[in-house]
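What follows draws every value from the coordinates through simple rules; no lab data is involved. Computed from a prediction, not measured in an experiment: that's the story for all the values here. FYI the Cβ positions are ideal-geometry reconstructions off the backbone, even for glycines, and counts take in every protein chain you see.
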Amino acid sequence: MFNLPKFVGIDVGNRAIKIVQLEKCKNKLRVKNLWSIPNRSENRACSKEAGCENLIAVFDLLKDHLKKQKITIGIPNDRALYKKIELPKMGPGELKQAIFWEKKELMEELDGEYVVDYEVIKAKTNSYEILMAAASKGDVMGYLYSVRESGLFLEAIDIYPLSISRVFKSSFPEHNLVVVDIGAARTEITLFDCGKVDFTYSVPTGGDDMTKLIAKSFSLNESEAESIKKNPGNYQNEVKECLTPLIHHLTLQIIRCIKYFQQRKGEEVKTAVFTGGGGKLLGLKDYFFNETRIEVFLAHELDFPNIEIDPNLKSGFDKMEFSCALGYALRGVF
């Protein structure tokens, strides 16, 4: 049996650390394994040392599955800073020198120690569009230490907007698109200009806020409220009514981002994709469509033409929950 190349993407979320393992076979990619492991250290009160220890424990648990594989781990979106620039077309050496000075200028604007990197996201006829990202040196070194301490190979430390771009751009290569990723503690709103990242915005509202609102409205503990949120049963109308103010607030934030995009670009956003665990919320898709008249998809409704699921994967592939980790795994492929 041949050992096929494998690529691993790791999404460190507030509630869980999600891991996708891809296998490359001829012209196809296969989702070989998935893991979702509770994150016991993502609380802001936890020290960086506790975060590293938790990651090392997770990697040690999966070490036999992850050895000799290209691992990409993502910086959480609210822990990265972004700057988009445009530079005139020039040779590789000149571009490298120009980027050096842009990085130096960005680091001088920041307070503290940061690691800055970049990616050319669009090559135009006479210019380059470049996305620069800065992350705390402490966060970067923490991830680097955790992976290496576990005896694994770190291919890259990646950023959220590029990850989510790899997942959805093949479905809408010619569309201006907004991807709304609703996690436990926050919602990431990312705008794409025909498959290319335009900007990303983080809203401190997520699935946990929905759970707390249900708990308060129905006088339940949060565990009971979480169950009703996922499976409202006979309480569908009551849950919808309870969550409408929060959904309305979130919708307004998305509309604000769309309007900002449209004012700058002079073009419409024609499609929205909801992903993340909170994207499954009952009534969310219909509410957003009724407010915006923008075509809406949930991630699990989309086909990923070049990705298949291993038939032995008993849990199935939840595209809503694992889209970000999948994007990080794809970083190792391309």
> Can you give the Rg to Rh ratio of region 81-132, both from alpha-carbon atoms, with Rh computed by the Kirkwood formula?
Replying inline: 0.98
>> Using 31 Å as the Cα-Cα cut-off, could you pick out the over-long pairs in K84/K212; K96/K169; K103/K270; K84/K229; K28/K230; K84/K137?
In response: K84/K212; K103/K270; K84/K229; K28/K230
>> Show me the ranking of peptides 278-286, 237-245 by mean Cβ neighbours inside 10 Å, starting with the highest.
In response: 278-286, 237-245
> Given the Cα-Cα distance of S47 and Q97 and 0.36 nm per residue of separation, how much length would full extension add, in nm?
Replying inline: 14.3 nm
>> Need one number: nm distance between label points at T292 and L110, each 7 Å from Cα along Cα→Cβ, rounded to one decimal.
In response: 2.9 nm
> Mind checking the dipole of the chain: about its Cα centre, +1 per Lys or Arg Cβ, -1 per Asp or Glu Cβ, Debye to the nearest 20?
Replying inline: 760 debye
>> As a test of the formula, what do you get for the chain when each DSSP H run with n ≥ 4 contributes -39,500 (n - 2.57) and the sum is divided by the residue count, at 222 nm and rounded to the nearest 500 deg cm²/dmol?
In response: -12500 deg cm²/dmol
> Straight-line reach from K240: which aspartates and glutamates have a Cα under 20 Å away, not including same-chain ones fewer than 8 places off?
Replying inline: D181, D208, D209, E222, E224, E226, D286, E291
>> What whole-number distance in Å separates the alpha-carbon centres of region 7-59 and region 159-222?
In response: 18 Å
>> Positive end of the dipole of the chain, charges at C-beta (+1 Lys, Arg; -1 Asp, Glu), about the Cα centre: which of V31, L110, V180 has its Cα farthest in that direction?
In response: V31
> Residue farthest toward the positive end of the dipole of region 171-303, with Cβ of Lys/Arg at +1 and Asp/Glu at -1: which of C257, F274, V296?
Replying inline: C257
> Quick one: if the Förster radius is 30 Å, what FRET efficiency do K137 and E267 give, using the C-beta to C-beta distance and rounding to 0.05?
Replying inline: 0.20
